[in-house]
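Readers should treat all values here as calculations from the given coordinates under stated rules, not as data from a laboratory. What you see is a predicted model, and the numbers here were worked out from it, not measured in a lab. All Cβ positions, glycine included, derive from the backbone under ideal geometry; neighbour counts span all protein chains shown.
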Amino acid sequence: MKLPQVEYEAPTTVAEAVDLLAEHQDEASVLAGGQSLIPLLALRLARPAVLIDINGLGELSGISVTDGLVTIGAMTREYAAEESRTVADTVPLLAAALPLIGHEAIRSRGTIGGSLAHADPAAELPAVALALDAEFVVRSQSGDRVIPAKEWFEGYLTTLRRPDEILVEVRFPTAGPVTGAAFQEVARRHGDFAIVGLAVSLALTDGVISDARLAFSGIADVPVRAADAEDLLVGERPSPELFEEAARRATAGIDPPADLHGSSEYRKKVAATLVRRGLQAAADNAHERE
Amino acid sequence: MVDITVRVNGATHAGSVEPRMTLSDFLRDDLDLTGTHVGCEHGACGACTVIVDGRAVRSCLMLAVQAAGSEVTTIEGLAPEGTLGPLQQAMRDSHSFQCGFCTPGFVMQASAFLSAHPDAGEQEIREALSGNICRCTGYQSIIDGVLLAARRGREA
């Protein structure tokens with residue numbers, strides 16, 4: 001369908017955008033890459049009175065590294081992060097997930113901040129941010145707030161961002177030297193939303209797992225960490241038996257939704273398979289970096 | 001209404017658009033470039049794919065106002081003198097068509113992809129075009145056409 005009538009603002013500075021958000025509050029939607037918001041408008045699932053288009057805010061694009069943190073501006077396009085040497089070297093899990101987002105033409109416009117602010121629980125980036133304990137920096141007229149990923153995702157398409165706040169950047173911790181990562185997903189068609197997805201990061205120290213991070217997409221209304229499996233893995237050496245037990249623990253407490261793409265039981269089975277595959281892929285990836 | 005100036009297929013166009021008008025509607029309705037097809041109108045089908053500043057985008061997921069100052073290439077821009085471009089010729093030679101509705105999107109996506117990845121193999125091409133898969137079958141001949149274009153490009 002055609003988009004509904006809507007007022008349009010195109011601020012040229014973040015300060016201006018913040019003032020517009022303060023004025024319009026929840027009557028406004030922030031338009032970044034538009035790859036989720038425009039469909040929501042077309043389908044009348046979102047009916048904002050005002051669009052605040054932040055594509056002109058050059059200050060929100062860019063990738064930088066300081067003090068063990070990789071800071072990615074909210075308007076950084078997904079393709080730019082995908083092509084970034086910095087991201088590949090310092091946040092391998094993010095680098096593994098980016099090529100799986102939608103299709104090439106979607107990543108041309110889609111942004112890192114847009115996907116994380118939209119917070120679709122079936123999308124790749126929310127699982128990555130949760131797995132890595134990323135931090136979200138939001139700005140309003142009263143200043144900046146930093147929100148940890150485990151608080152950011154409140155519910156289906158809902159974050160802790162207040163209507164008067166704009167997401168300005170996301171910070172990811174840089175990975176240690178022997179860190180392997182994998183993003184695994186099962187989708188009916190390459191690029192479609194996954195039936196279940198899994199973000200995995202494993203750090204090895206002298207062949208022993210020193211840090212393990214697993215987060216699922218598509219099994220609840222928010223991305224979900226597999227803390228029990230992480231606890232099991234740390235201090236152990238990678239092995240198929242260990243990964244089998246991790247898959248059991250990671251899926252013991254989950255109750256995925258059922259829809260026409262798969263029953264709850266099917267999703268649970270897929271989730272367990274992804275844990276085994278993802279851990280093996282991450283361990284192989286870590287060995288390559290040793 | 002917002003006044004915009006956009007470069008489309010090498011020519012400068014000025015227009016006055018409602019903010020809610022998508023780039024696809026601007027191209028079709030205001031510029032009469034009806035080669036860009038509109039299928040699902042929510043970014044799922046890929047039929048409306050055009051090239052903006054060198055990258056393939058869904059023109060139904062971009063507002064016309066956002067294209068102001070950009071360089072847009074549509075399917076018409078691939079055959080400026082009415083002569084098929086090399087990708088189009090290879091796809092014609094391979095009969096890379098079914099009903100044809102999705103074809104402009106496939107061609108634009110393949111064009112952007114081959115420009116960036118001239119050495120791409122079959123698997124990469126399949127993945128690159130996966131976002132254009134519509135609802136009929138017959139994708140094999142489309143892959144064949146793009147592979148033929150890639151091979152001719154390398155041999156040229």
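Tabulated results
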{"read-out": "Table column - 3J(HN,Hα) (Hz), the stretch A:176-189, Karplus curve with 6.51, -1.76, 1.60, x for Gly and Pro", "value": "x, x, 10, 10, x, 9, 7, 10, 10, 7, 10, 9, 6, 9"}
{"read-out": "Lys/Arg +1, Asp/Glu -1 at C-beta; the stretch A:7-53 dipole; positive extreme among A:LEU37, A:ALA49, A:GLN25", "value": "A:LEU37"}
{"read-out": "Partner chain coverage, peptide A:191-204 - average Cβ within 10 angstrom", "value": "1"}
{"read-out": "Residue (of A:ALA281, A:GLY235, A:ALA250) at the positive-pole extreme of the stretch A:179-289, dipole from beta-carbon charges", "value": "A:ALA281"}
{"read-out": "Cα-centre dipole for the stretch A:177-254 with unit charges at Cβ (Lys and Arg positive, Asp and Glu negative), debye to 20", "value": "280"}
{"read-out": "Average beta-carbon neighbours from other chains, 10 Å sphere, peptide A:94-107", "value": "5"}
{"read-out": "Solvent-free Debye scattering, log10 I(q)/I(0), computed from the Cα coordinates of chain A at q = 0.09, 0.10 Å⁻¹", "value": "-0.42, -0.52"}
{"read-out": "Sequence ranges A:275-284, A:111-120, ranked by mean other-Cβ count within 10 angstrom, highest first", "value": "A:111-120, A:275-284"}
{"read-out": "Cα centroid separation - the stretch A:98-166 against the stretch B:92-156, whole Å", "value": "33"}
{"read-out": "The stretch B:2-77: mean projected area of Cα convex hull, nm²", "value": "4.2"}
{"read-out": "Karplus-derived 3J(HN,Hα), 6.51/-1.76/1.60, for each residue of the stretch B:71-80, Hz, glycine and proline x", "value": "10, 10, 10, 10, 4, 4, x, 7, 10, x"}
{"read-out": "Order of A:GLU27, B:GLU76, A:GLU165 under a 10 Å beta carbon neighbour criterion, fewest first", "value": "A:GLU27, B:GLU76, A:GLU165"}
{"read-out": "Simple spin-label estimate for A:ARG162 and A:ASP284 in nanometres, 7 Å along Cα-Cβ", "value": "4.8"}
{"read-out": "Residue-wise HN-Hα coupling along the stretch B:52-60, computed from phi with Karplus coefficients 6.51, -1.76, 1.60 (Hz; x: Gly, Pro)", "value": "10, 6, x, 10, 5, 9, 7, 6, 7"}
{"read-out": "For A:LEU214, A:LEU60, A:LEU45, order by how many other beta-carbon atoms lie within 10 Å, fewest first", "value": "A:LEU45, A:LEU60, A:LEU214"}
{"read-out": "Estimated FRET transfer efficiency (B:THR12, A:ARG47; beta-carbon r; R0 41 Å; 0.05)", "value": "0.70"}
{"read-out": "Low-density loop positions, trypsin sites (Lys or Arg not before Pro), the stretch B:89-156 - DSSP coil, at most 14 other Cβ in 10 Å", "value": "B:ARG135"}
{"read-out": "Highest to lowest packing among A:131-138, A:239-246, scored as the average C-beta count within 10 Å", "value": "A:131-138, A:239-246"}
{"read-out": "Value of [θ]222 nm, deg cm²/dmol, for the protein assembly as shown, DSSP H segments ≥ 4, -39500 (n - 2.57) each, nearest 500", "value": "-9500 deg cm²/dmol"}
{"read-out": "Ranked B:LEU114, A:LEU274, criterion: other C-beta atoms within 10 Å, fewest first", "value": "B:LEU114, A:LEU274"}
{"read-out": "Peptide B:59-68 - average C-beta neighbours from other chains (10 Å radius)", "value": "5"}
{"read-out": "Gain in span if fully extended, A:ASP231 to A:SER64, counting 0.36 nm per residue against the direct Cα distance", "value": "57.0 nm"}
{"read-out": "Candidate lysines for bridging to A:LYS150, where Cα separation is under 23 Å - those fewer than 8 sequence places away on the same chain excluded", "value": "A:LYS268"}
